[in-house]
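Okay, so here's the structure we're looking at.
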Amino acid sequence: KTYTIVAVTAIHIAIKLVSPWKLRMNHLLDLCAGKYTAGDIASMELVILNALSWRVHPPSAFDFCGELIDSSFTESTPDALNDLQDKARYLTELAVIDYFFVTRKPSSVALASILVALELTRDQVDPRDKDRFTSRVGQVGLDASDEEVIQCYTRLRVMYRNNTSAEEEEEEPEVGG
């Protein structure tokens with residue numbers, strides 16, 4: 001019997017977090033076949049959220065990456081900014097396929113991704129943006145010299161190198177015939 005209200009409330013929470021549509025309470029109550037009230041669902045919602053310490057929709061490394069780049073890089077050319085964004089976000093996507101990153105903070109993965117992307121884009125990014133980025137990182141409480149960030153940075157560099165090497169090998173035309 002308890003699983004019904006837990007399941008319905010979990011659906012309610014999920015829809016509130018990710019869906020652009022609102023689900024009416026009477027639809028949820030219909031799922032309960034009249035066994036529960038709106039107050040029961042609201043109470044169970046608090047129980048679930050408290051059990052999860054309200055950690056229901058944390059920002060991903062991709063989210064952090066976007067925010068850090070958007071708030072820091074304003075002087076670089078659009079092409080340089082797009083290249084930096086593409087590389088940094090690609091690196092956050094690479095991190096998704098490696099279990100190593102599961103136990104790392106998304107902000108550390110994002111910072112490491114941007115640092116690798118800056119290295120890859122070299123002189124394309126305006127130096128004022130690099131300074132603004134360094135300042136912004138400190139303002140939000142991140143530290144590029146943090147051990148976790150360094151571990152993420154090192155791992156992402158290797159993954160990027162291995163992945164781009166494999167792609168280049170696939171693209172090379174066969175010689176001979």
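Rounded, prolate or oblate: which fits region 1-63 when a ≥ b ≥ c are the square roots of the eigenvalues of the alpha-carbon gyration tensor, with rounded for a/c under 1.5 and prolate only if a/b beats b/c? Oblate is the answer for region 1-63, as a/c is 1.5 or above yet b/c matches or exceeds a/b.
Taking all protein chains together, Glu147, Glu75 sort by accessible area into Glu147, Glu75, largest first [probe 1.4 Å]. Considering only Ala110, Ala42, Ala80, the mean-square fluctuation computed in a Gaussian network model of the chain, springs between alpha carbons under 10 angstrom, is largest for Ala42. Gaussian network model of the chain, Cα springs within a sub-10 Å range: biggest mean-square fluctuation belongs to which of Thr77, Thr92, Thr103? Residue with maximal mean-square fluctuation among Thr77, Thr92, Thr103: Thr103. Per residue of the chain, the DSSP helices (runs of n ≥ 4 H) give a summed -39500 (n - 2.57) that works out to -23000 deg cm²/dmol at 222 nm.
Each Lys and Arg Cβ is given +1 and each Asp and Glu Cβ -1; about its Cα centre, region 43-89 then shows a dipole of about 300 debye. The residue list Gly34, Trp21, Ala51 was ranked by how far each Cα lies along the charge dipole of the chain toward its positive end, using unit charges on Cβ atoms, and Gly34 comes out on top. How large a share of the accessible area of the chain, in percent, is made up of carbon and sulfur atoms when the probe is 1.4 Å and the other protein chains stay in place? Of all accessible area on the chain, carbon and sulfur atoms account for 54 percent. Listed by chain and number, the lysines whose C-alpha is less than 21 Å from the C-alpha of Lys105, apart from same-chain residues fewer than 8 away, are Lys87. The length gained on full extension between Asp40 and Glu119, counted as 0.36 nm times the residue separation minus their Cα-Cα distance, comes to 23.1 nm. Mean-square fluctuations from a GNM of the chain, with a 10 angstrom spring cutoff on Cα atoms, peak among Leu68, Leu52, Leu111 at Leu52. Straightening the chain between Ile11 and Arg55 buys 14.3 nm, computed as 0.36 nm per residue apart minus the Cα-Cα spacing. For the pair region 51-73 / region 15-33, the C-alpha centres are spaced 26 Å from each other. About its Cα centre, the dipole of the chain is roughly 1380 debye, where the only charges are +1 on Lys and Arg Cβ and -1 on Asp and Glu Cβ. Model label sites at Arg128 and Glu148, defined 7 Å from Cα along the beta-carbon direction, differ in position by 3.4 nm.
The values are calculated or read from the model by the stated rules, or taken from the named source; none is laboratory data. Everything quoted here is computed from the prediction, not taken from an experiment. Cβ coordinates were reconstructed from backbone atoms using ideal geometry, including for glycine residues, and neighbour counts include every protein chain displayed. Heads up: the accessible areas ignore ligands, DNA and RNA and are worked out on the full protein's heavy atoms, side chains in. Shrake-Rupley method; radii C 1.70, N 1.55, O 1.52, S 1.80 Å.
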